[in-house]
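Visitor: The following block contains the structure, expressed as structure tokens.
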Protein chains: 2
Amino acid sequence: MTTPRERRYRIREQQIIDHARRIAEAEGWSAVSTRRLAQEIDHSQPVIYQHFRNREHVVAAVVRQGFAELTELIREHAQQADAPLESLCWSYLNFSWQNPALYEAMFTRPTALEFAAENTPAELRDSFEALVEVIGNEAGMKTYDDAAALTEFFWAACHGLASLHLAGRIPARQDQVARLCGMIRIYSSE
Amino acid sequence: MTTPRERRYRIREQQIIDHARRIAEAEGWSAVSTRRLAQEIDHSQPVIYQHFRNREHVVAAVVRQGFAELTELIREHAQQADAPLESLCWSYLNFSWQNPALYEAMFTRPTALEFAAENTPAELRDSFEALVEVIGNEAGMKTYDDAAALTEFFWAACHGLASLHLAGRIPARQDQVARLCGMIRIYSSE
DNA sequence: ATAATGATCTATCACTGATAGATTTTCTGT
DNA sequence: ACAGAAAATCTATCAGTGATAGATCATTAT
């Protein structure tokens, strides 16, 4: 049971999130101001604070949506691929290249969201669990802890490549993906 | 031949850089404002612009100094260690833990500095070259390109661990260092 | 229809980076 | 040592930021 008022409220909240993401990708996160967001939804600035405690919470909402999409991507490519590790790595890097501002908010910008804690949003946990599932299967890990540890490593390596590339620190080199997956395969077969 | 005026100018410039770094480590980069910096050196705000084109160039100056220190660290630990890879990795991670704000500016924050380009400052090139030297020797790479490619990978993996840990995305796990170095050793002996 | 509730606006605060123009200090040539 | 030129520094200001208080308007329930 939702009232028209509640429906309008939720629609507008999603609009704010969508505009924040679009502006961030087009002009960077510094262009995402409360006044700009208010202008996009054709309201006054303080209305933003009816939906979000502060500016950081707007970013956090975009981040949660980003993790939900990343989880879907991981699950999709994990099932149908004959080379799950490579497929996973490429999906991850493609995600970072196609949504650089979103990726930046998810993984490098300071955030109000907590990770690996009690109050970690479900979207964030799900992404990690989806990763653990694929890595655990592919590398033949026995215990969950082993799979989780290897997943953290795999994630860190992928993130390192994505992050340094996005920040302009290293050029895009395709052979690094093969190197990473090859290493993990050799390592886990020992 | 330097005039007293030039000496004073350079001393003050270094003071600005030092204060920027100290404030960033203590209160985060958002606390590093031009007015705050001016206050620290007991001048008015526009004086900062006598030394730096804008705020970003202050950060860039701190970053260059950071890379110079990182290069020293790499060179030190590379010579005297009996396990250069592990030592290098730990040095790198320690550097990121002891100077989180500096590391953030060097590797994740958007910056005016260009990497791997013609106008890349010498401090940045030197860090990479120092890394290539150690990795190339340790992994027994024949060509410089091979060593450079493996160095990029090693760097990305270390950075991934450092970055995700600093951003609160993964807990600090000591076994990841051993995993990374073990993988590279196995991989390069094939 | 009226009273209560919630939503929205205007106006404001303290802060930011950056610049123009006036003023003061420092240096230079005599 | 002193006048004039040059450089450095200051005050004042601009446009923009996040955030909030209080007045006003719209919606809802009785």
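Visitor: Can you tell me the Rg and the Dmax, both Å, for the Cα atoms in region A:1-72?
Guide: Spelled out, the Cα radius of gyration and Dmax of region A:1-72 are 12.5, 39 Å.
Visitor: For A:ALA68, which inter-copy label distances result when the label point lies 7 Å beyond Cα on the Cα-to-Cβ vector, reported in nm to one decimal and in ascending order?
Guide: Spacings between copies for this position, smallest first, are 5.0 nm.
Visitor: On C-alpha positions alone, give me the angle between the axis of helix A:84-98 and the longest principal axis of chain A, in degrees, nearest 10.
Guide: Helix A:84-98 sits at roughly 30 degrees to that axis.
Visitor: List, in order, the whole-Hz ³J(HN,Hα) value for each residue of region A:126-134 obtained from phi through the Karplus relation with A = 6.51, B = -1.76, C = 1.60 and θ = phi - 60°; use x for Gly and Pro.
Guide: My calculation for region A:126-134 gives 4, 4, 5, 4, 4, 5, 4, 4, 5 Hz in order.
Visitor: Please list, ordered by chain and number, the residues whose modelled amide H lies under 5 Å from the amide H of A:HIS43; skip anything fewer than 5 residues away on the same chain.
Guide: Residues meeting the criterion, in which the H sits 1.01 Å from N, do not exist here.
Visitor: With +1 assigned to the C-beta of every Lys and Arg and -1 to the C-beta of every Asp and Glu, and no other charges, what is the dipole magnitude of region A:62-188 about the Cα centre in debye, to the nearest 20?
Guide: So the magnitude is around 460 debye.
Visitor: Right, next: Can you tell which of B:TYR103, B:ASN137, B:ALA162 lies farthest toward the positive end of the dipole of region B:62-188, using +1 and -1 charges on the Cβ of basic and acidic side chains (Lys, Arg; Asp, Glu)?
Guide: B:ALA162
Visitor: While we're looking at this one, here's another question. Rounded to whole angstrom, how close does the nearest chain B beta-carbon get to the axis mapping B onto A, and which residue is it?
Guide: Axis-proximal residue of B, distance in whole Å: B:GLY160, 1.
Visitor: How would you classify chain B from its alpha-carbon gyration tensor, with a ≥ b ≥ c the square roots of the eigenvalues: rounded for a/c under 1.5, else prolate if a/b is greater than b/c, otherwise oblate?
Guide: Note, shape of chain B comes out prolate.
Visitor: What are the distances, in nm and sorted shortest first, from the label point of A:ALA26 to the label points of the same position in each other copy, with each label point placed 7 Å from Cα along the Cα-to-Cβ direction?
Guide: Distances between equivalent label points, in nm: 4.2.
Visitor: Pull out a ≥ b ≥ c, the square roots of the eigenvalues of the alpha-carbon gyration tensor of region A:95-190, then state rounded if a/c is under 1.5, prolate if not and a/b is larger than b/c, and oblate in the remaining case.
Guide: oblate
Visitor: Helix B:4-27: angle to the longest alpha-carbon principal axis of chain B, degrees 0 to 90, nearest 10?
Guide: The answer is roughly 60 degrees.
Visitor: Round to a whole angstrom and tell me the spacing of the C-alpha centers of region B:93-138 and region A:68-84.
Guide: Taking the Cα centre of region A:68-84 as reference, the centre of region B:93-138 is 33 Å away.
Visitor: For the protein assembly as shown, evaluate the Debye formula with one uniform point scatterer on each Cα (no solvent term) and list log10 I(q)/I(0) at q = 0.07, 0.08, 0.14 Å⁻¹, rounded to two decimals.
Guide: -0.37, -0.47, -1.28
Visitor: Still on this structure: Specify the angular offset, from 0 to 90 degrees and rounded to the nearest 10, of the alpha carbon long axis of helix A:175-188 from the longest principal axis of the alpha carbons in chain A.
Guide: It is inclined by approximately 60 degrees.
Visitor: A further question follows. Can you give the average number of partner chain beta-carbon atoms within 10 Å of each beta-carbon in peptide A:145-156, as a whole number?
Guide: 4
Visitor: Between B:GLU129 and B:GLU6, what's the calculated FRET efficiency when r is the beta-carbon distance and R0 is 30 Å? Round to 0.05.
Guide: 0.45
Just so you know, all these numbers are worked out from the coordinates, no wet-lab data involved. Quick caveat: nothing in here was measured; it's all calculated off a predicted structure. In this analysis, Cβ positions are derived from the backbone assuming ideal geometry, glycine residues included, and neighbour counts consider all displayed protein chains.
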